[in-house]
Amino acid sequence: MTVLRQTSINAVIATGMTFAILIGGIDLSVGSVLGLCGAIAATMVSSGMNVVLAVLTALLLGTAIGYLNGTLITTGGLQPFIATLGTVTLLRGAILVFTQGRPISTGNIPSSEYFSEIGTGFLGPIPIPVYIMVLVFIVAYYILNHTRIGRYIYATGSNEEATMYSGIKTARVKRFVYAVSGMMAALAGILLTARLGSAQPTSGAGYELDAIAAVVLGGTSMVGGIGTIGGTAIGALIIGVLNNALNLMKVSSYYQDVAKGIVILIAVLLDRKQKSSR
């Protein structure tokens, strides 16, 4: 249960990242979106505002930022890497301005106790973040496999030009995908802030790399069109178990990054070799 709780944040971000990579894009801004939305939620909760309103505001903000990324890519004609890299810098500055470089505590008022339940509470023997993670996987699986927009996402990633000539508005598909990615990053920010009881100005730094690693380990192709949510779930669990094992073995954090990098490279090389043999 501890591993699953720790994995839930990366798994939620990786779900949104899966959507972005399936269309042949990438979203480097998810860590910064997590940090900003977490800071917004913490500020609202600590001021005594309704928890539901704080959560919805953070989710809407994340969705809007994701939609902005999609607009920069489609209407602005920017490459996904460049567009989201620019957003990373912008949002990191916004976080520091908003927090003044200091942590924002959710406080000790009744509303903060309800908010903290999102990250630390249990329903029976299972942590609430695990339920949220599973629900996110189910909804994402349904969208990708049983809806029209899901088929459009795979088609856009497989061959965008042919998809566009088929009459599908690929620009709308991309904006939808990046809006989903932004929403998932905001949800992860809520989970992390609720669990820690505060929003740190550096929250989310490097989270995009773990999310990409989970997606790649799950078998999603970086060129788009190939991948599953089930694979991403397995990839996120692999990253979570690896992190937990290295911590239990008291491996230095410096060497942990080295170990994760080696595992990711091996997994990608084996995947490419398997696909080549097919």
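Rule-based calculations on the coordinates, nothing more; no lab input. Just so it is clear, the model here is predicted, and its values are computed rather than measured. Glycine also receives a Cβ, built like all others from the backbone with ideal geometry; neighbour counts cover every protein chain displayed.
Could you tell me which of rounded, prolate or oblate describes the stretch 1-60, using a ≥ b ≥ c as the square roots of the eigenvalues of the alpha-carbon gyration tensor, with rounded for a/c under 1.5 and, failing that, prolate when a/b is larger than b/c and oblate otherwise? Here the stretch 1-60 falls in the oblate category.
Counted by Cβ distance under 15 Å from residue 206, the other residues give a net charge of -2, where Lys and Arg count +1 and Asp and Glu count -1. Using a Cα-Cα cut-off of under 15 Å, which aspartates and glutamates could be cross-linked to residue 174, ignoring same-chain neighbours fewer than 8 residues away? Qualifying aspartates and glutamates at Cα under 15 Å: 27, 160, 161. Among residues other than residue 34 with Cβ under 15 Å from its Cβ, the summed charge is -1 (Lys and Arg +1, Asp and Glu -1). Compared with the dominant principal axis of the Cα atoms in the chain, helix 253-277 is inclined by about 20°. Considering only 187, 145, 52, and ranking their Cα positions along the charge dipole of the chain that arises from unit charges at the beta-carbon of Lys, Arg, Asp and Glu, the one farthest toward the positive end is 145. Excluding same-chain residues fewer than 8 positions from residue 273, which lysines have a Cα within less than 22 Å of its Cα? Leaving aside lysines fewer than 8 places away in the same chain, those within reach of residue 273 are 260. Taking the C-alpha atoms only, the angle from helix 110-120 to the longest principal axis of the chain is near 40 degrees.
Residue farthest toward the positive end of the dipole of the chain, with Cβ of Lys/Arg at +1 and Asp/Glu at -1: which of 221, 115, 11? Going by the charge dipole, the pick is 221. Between the Cα long axis of helix 80-99 and the first principal axis of the chain there is an angle of about 10°, rounded to the nearest 10. Dividing the summed helix terms, -39500 (n - 2.57) for each DSSP H run of n ≥ 4, by the number of residues in the chain produces a 222 nm estimate of -25500 deg cm²/dmol to the nearest 500. When the Cα positions of 76, 93, 163 are compared along the charge dipole of the chain, 163 comes out farthest toward the positive end, with charges on each C-beta of Lys, Arg, Asp and Glu.
Note: relative contact order over the chain, using C-alpha pairs below 8 Å and six or more positions apart, is 37 percent. For the stretch 29-182, what class follows from the C-alpha gyration tensor (a ≥ b ≥ c being the square roots of its eigenvalues): rounded when a/c is under 1.5, otherwise prolate if a/b is larger than b/c, else oblate? Verdict is oblate for the stretch 29-182. Summing Cβ point charges (Lys, Arg +1; Asp, Glu -1) relative to the Cα centre of the chain gives a dipole of roughly 440 debye. Translational diffusion of the stretch 186-250, estimated by Stokes-Einstein from the Kirkwood radius over alpha carbon pairs at 10 °C in a medium of 1.306 mPa s, is 119 µm² per second. Annotation for the stretch 226-274 versus the stretch 97-152: alpha-carbon center distance of 23 Å.
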